1. Take the range 100-120 and flag every residue that is among the hydrophobic types (A, V, I, L, M, F, W, C) and crowded, with 17+ Cβ neighbours inside 10 Å.
2. Among the numbered criteria (1) under 23 Å from Ile200 (Cα atoms); (2) away from ligand 1 (no atom under 11 Å from the Cβ); (3) in contact (Cβ under 8 Å) with a residue 40 or more places away in the chain, which single criterion is violated by Gly299?
3. Considering the range 132-188 alone, what residues qualify as being within 13 Å of Ile29 (Cα to Cα) and among the hydroxyl-bearing types (Ser, Thr, Tyr)?
4. Does the range 18-54 hold any residues that are within 15 Å of ligand 2 (Cβ to nearest atom) and part of a strand (DSSP E or B), and which are they?
5. For the range 82-98, state whether one or more residues are more than 22 Å from the chain's Cα centre (by Cα), crowded, with 18+ Cβ neighbours inside 10 Å and in contact (Cβ under 8 Å) with a residue 40 or more places away in the chain.
6. Conditions first: (1) part of a strand (DSSP E or B); (2) loosely packed, with under 13 Cβ neighbours inside 10 Å; (3) among the acidic types (Asp, Glu). Glu134 passes all but one, so which condition is the exception?
7. Does the range 306-315 contain any residue that is in contact with a strand residue (DSSP E or B) (Cβ under 6 Å, 6 or more places away or on another chain), of a type outside the set (Phe, Trp, Tyr) and either outside any loop (DSSP other than H, G, I, E, B) or under 30 Å from Pro227 (Cα atoms) (or both)?
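The values are calculated or read from the model by the stated rules, or taken from the named source; none is laboratory data. This is a predicted model, so every value here is computed, not measured. Cβ placement follows ideal geometry from the backbone for every residue including glycine, while neighbour counts extend to all protein chains displayed.
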Amino acid sequence: MKTQVGIIGAGPSGLLLSHLLHLQGIDSIIIESRSQDYVIGRVRAGVLEQGTVDVLKESGLGTRLEKEGLEHHGIELLFDGIARRIDFPSLTDGKAVTVYGQKEVVKDLIAARQAADAKLFFEAKASKIEGLAEGKPVIHFEKDGEQHTITCDYIAGCDGFHGISRKAIPDEILTVFEREYPFGWLGILAEAAPSSEELIYANTSEGFALHSMRSPTVTRNYIQCAPDDDIKNWTDDQIWETLNRRFQRNGESFHLNTGNIFEKGITAMRSFVTEPMRYEKLFLVGDAAHIVPPTGAKGMNLAISDVRVLAKALTDLYHDGSEEGIDTYSEKCLRRTWLVTRFSWWMTSMLHKFPQDDAFGHKIQVAQLDYATASLAAQTTLAENYVGLPLDL
Ligand code: APR
Ligand code: PHB
């Protein structure tokens, strides 16, 4: 097969890139190792930055998002029993975030690509990337037991943390920056109405908890747990009791709605950045290049900002012959990646119980949270990062 842009991976990165290129008349082929049902079934995060909402709506993907997305104008930070709200619109010139599950974004993207008769192949696993040093990229992949190749002008490695693209960059060129956090997140989806209109990020003496949601009838909650904890160690009752305890605040009773937990799992927490994000005619996009801890709700949003930069760069190249965009792709995306990695690291460091932390460490965290929610300047800092920094900061 031959195309202009070969895309490995049909997560948010690969699907949105293919969609945006299609709107500019640029041809692509997407190969995805998993089945369509598996890709759609993956449970991931659910908060869209303003910029993510804008690019989805502007590219014709806003119908369900506008109907089912929950626009949120603030979050609550809870620490030492003190609950304080950060307002977004008043601090960010009217910006907000939208709660809309990543799986819904993926469903909308797959539907749009299939409606456009895209060359989107599921259960097609890329095994090798060749020809990068010669300027003639070829993707080798297997489907239905047969070997195939895609000859293309450029390759977008949208194949996530466990993909093959990053490995196609020579070791002597690649630098990896990594930090593992000494805890994980136990996440649940439950048939229960959210217990609060907005998200609650709680720092407690026993650990972090987060209250989120997916719809008026489905709540999404997280509990800090040991990094090697096993979901089998937790009964539903223990999960609800822990959440209820961690969301209590001074002077008012907090009622946690409970219900049937239909999805639960434990994820590790890490920060991971690869430099550079381009090698010859290969571009790393999204989780293939970087991972952020979910505390700042940035994973998918950072992937989509990579896509916005690359789609514009490839459009400028194919339409006007300008290589300025592709030549600055890595530098531009890495700057934003480090800004977002810093925010995600800061939120994680401020809100979680660290094993090595003593009473002094907890007091410093409380002072950080007190300042972040009492000072207008500090609230503005948190709000502008949470709703999403401008692409051209
Ligand atoms: N060949 C084909 N597809 C592959 C291969 C391969 N060798 N290796 C991985 N993939 C696919 C995976 O099955 C997955 O569907 O690439 C896709 C990568 O998607 P994501 O991991 O979702 O990464 P990305 O699209 O960058 O989106 C980032 O997804 O995982 C979340 O938290 C993350 O919210 C962030 C977002
Ligand atoms: C979620 O709803 O899954 C979610 C929300 C905010 C976060 C992380 C996850 O910071």
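1. So the first thing to find is which residues in the range 100-120 are among the hydrophobic types (A, V, I, L, M, F, W, C), and the list is 105-106, 109-112, 115-116, 118, 120.
Of everything in the range 100-120, those that are among the hydrophobic types (A, V, I, L, M, F, W, C) and crowded, with 17+ Cβ neighbours inside 10 Å turn out to be Val105, Val106, Leu109, Ile110, Ala112, Ala118, Leu120.
2. Among (1) under 23 Å from Ile200 (Cα atoms); (2) away from ligand 1 (no atom under 11 Å from the Cβ); (3) in contact (Cβ under 8 Å) with a residue 40 or more places away in the chain, the lone unmet condition for Gly299 is (2).
3. First, pick out the residues of the range 132-188 that are within 13 Å of Ile29 (Cα to Cα): 138-141, 148-158.
Selection gives Thr149, Thr151, Tyr154.
4. Selection gives Val47, Leu48.
5. yes
6. Single failed check for Glu134: (1).
7. Let us first name the residues in the range 306-315 that are in contact with a strand residue (DSSP E or B) (Cβ under 6 Å, 6 or more places away or on another chain), namely 310.
Add one more test, that the residue is of a type outside the set (Phe, Trp, Tyr), and what stays is 310.
Imposing the further condition that a residue be either outside any loop (DSSP other than H, G, I, E, B) or under 30 Å from Pro227 (Cα atoms) (or both) reduces the set to 310.
Scanning the range 306-315 turns up at least one residue that is in contact with a strand residue (DSSP E or B) (Cβ under 6 Å, 6 or more places away or on another chain), of a type outside the set (Phe, Trp, Tyr) and either outside any loop (DSSP other than H, G, I, E, B) or under 30 Å from Pro227 (Cα atoms) (or both).
Each row is one residue, and each column tells you yes or no for (1) modelled with pLDDT of 95 or more; (2) within 16 Å of ligand 1 (Cβ to nearest atom); (3) of a type outside the set (Gly, Ala, Ser); (4) not assigned by TED's automatic domain parsing to the domain that holds Lys136.
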residue	(1), (2), (3), (4)
Glu191	yes, no, yes, yes
Pro194	yes, no, yes, yes
Leu199	yes, no, yes, yes
Thr217	yes, no, yes, yes
Tyr222	yes, yes, yes, yes
Lys232	yes, no, yes, yes
Trp240	yes, no, yes, yes
Phe247	yes, no, yes, yes
Glu280	yes, no, yes, no
